[in-house]
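Below is one structure, written out as C-alpha cells; comments come after it.
The values are calculated or read from the model by the stated rules, or taken from the named source; none is laboratory data. Treat the numbers as computed from the prediction; the structure is a model and nothing was measured. When we count neighbours, we look across all protein chains shown, and the Cβ atoms used for this are built from the backbone with ideal geometry, even at glycine.
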Amino acid sequence: MFRKEHYHTMPKYELMYIVGSHISDDEVPKVADEVKKNIEADAGIIEKHEELGKKKLAYPIKKTRNGFYVVDNFSMPADKINDFEHKIRTSQSIIRHLIVSMDEALIQMEKDRVLQAKHKITRPVMEEEKGKPTRPGPKSETSGKKIQIDLDAEIEKALESKDLK
C-alpha cells in the first residue's frame, strides 16, 4: 500500500457508472463494494462515494430503460488507471461508465475561465454616463404608465380578420 506522502501526488479521478436494471436494487451495494475493492486493489484511495439512485435512461442501453447511478471520487497512481478501467469495462453489472481525470478537468476549467475573461467585451464609458447606473432600475420611463388591453376583444378581432379565412 502507498504511504501518506504519495497520496498528495496521485492524480484524482471521478468515476460515474450505471448499474443495469437486470441487477436488483438490493444487489447494487454489492456491485458498488466490488468497484471500491477494485479501486483499493489498484492502490487507489476512495475520497467520496455517492449513490444517486435509479433513474430512467434517455435511451435504451443493452435493452434496459432504467439504471442505478453511482459516483466515486478517488486518487490512484496514473499507471494503474488503465487496469482499473479494464475491470470496470468487463463488469457484467455495469452498462455504462465514465472516468474523468479531475486534475485535467480543473486545469481545463481554469484555462476556460482565463480565456473567457480575456474575450469579455468591454464598452468604453462616456463622460455623461459616469455616476449613472448601467441598467435602468425598477423605475424606468414606462413604469408609471399602465397599458390596458381588452384581451377578449383583441382575440375576437384577430379571429374575424380576413387573414385567417
What number of residues within the range 1-14 satisfy the criterion of being at pLDDT 90 or above and charged (D, E, K, R)?
2
May I ask you to list the residues in the range 15-26 that are at pLDDT 95 or above and not aromatic (Phe, Trp, Tyr)?
Leu15, Met16, Ile18, Val19
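If you take the residues of the range 52-68 that are hydrophobic (A, V, I, L, M, F, W, C) and closer than 12 Å to Met16 by Cβ, which of them is surrounded by the most Cβ atoms within 10 Å (Cβ to Cβ)?
Our first condition is that a residue be hydrophobic (A, V, I, L, M, F, W, C); within the range 52-68, this holds for 52, 57-58, 61, 68.
Restricting the remaining residues to those that are closer than 12 Å to Met16 by Cβ gives 52, 68.
Working: Leu52: 11, Phe68: 25.
The extreme case among them is Phe68.
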Just to be sure, is Leu98 outside any helix (DSSP H, G or I) and at pLDDT below 95?
no
Just need a number here: residues in the range 69-84 that are part of a helix (DSSP H, G or I) and either surrounded by fewer than 16 Cβ atoms within 10 Å (Cβ to Cβ) or basic (Lys, Arg) (or both).
5
Of the numbered conditions (1) surrounded by 14 or more Cβ atoms within 10 Å (Cβ to Cβ); (2) more than 18 Å from the chain's Cα centre (by Cα); (3) at pLDDT below 95, Val31 satisfies every one except a single condition; which is it?
(3)
Filter the range 34-70 for residues that are in contact with a Lys or Arg (Cβ under 9 Å, 6 or more places away or on another chain) and of a type in the set (Ser, Thr, Tyr); which is modelled with the lowest pLDDT?
Tyr59
